[in-house]
Amino acid sequence: MIGEMDIQGEPTFEKEAYLKITSERFNALLKKNKFTSTNKFADAHGFSRGTIHKLSKGHLNITAWSLFRICEALDMTCEEFFKELY
């Protein structure tokens, strides 16, 4: 679990921790899908190279729509993307 618990016992999340685990998961999926670079993934699926590079480095808080498109490109659901993180 990332972060701490709030007064009601719900998890709290720090932005940097969220960005880090999202980028780590994304990078693992790129490797699993045999993409040797973020540029190759971006080019193959119509994403901006800069956006995908920033995501892979944990420097981008992506929108839900972008995450949906990335998951679609990786042939998975958003639920599957986050399943192994928690």
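The values are calculated or read from the model by the stated rules, or taken from the named source; none is laboratory data. Just so you know, these numbers come straight off a predicted model, no measurement behind them. Please note: Cβ atoms are built from the backbone with ideal geometry, for glycine as well, and neighbour counts cover all protein chains shown.
I'm checking my understanding of the structure. Among residues of the range 62-76 that are assigned to a loop (DSSP other than H, G, I, E, B) and either surrounded by 15 or more Cβ atoms within 10 Å (Cβ to Cβ) or at pLDDT below 95 (or both), which one is nearest to the chain's Cα centre (by Cα)?
Ile62
Every listed requirement among (1) at pLDDT 95 or above; (2) more than 10 Å from the chain's Cα centre (by Cα) is met by His59 save one, (1).
Within the range 17-52, the set of residues being of a type in the set (S, T, N, Q), closer than 13 Å to Ser66 by Cβ and more than 14 Å from the chain's Cα centre (by Cα) comprises Ser48 only.
Taken over the range 36-61, the criterion of being over 18 Å from Glu24 (Cα atoms) and not in a loop (DSSP other than H, G, I, E, B) is satisfied by Asp43, Ala44, His45.
Scanning the range 33-86 for residues that are small (Gly, Ala, Ser), under 20 Å from Ala17 (Cβ atoms) and touching a Lys or Arg at 6+ places or on another chain (Cβ under 7 Å) yields a single hit, Gly58.
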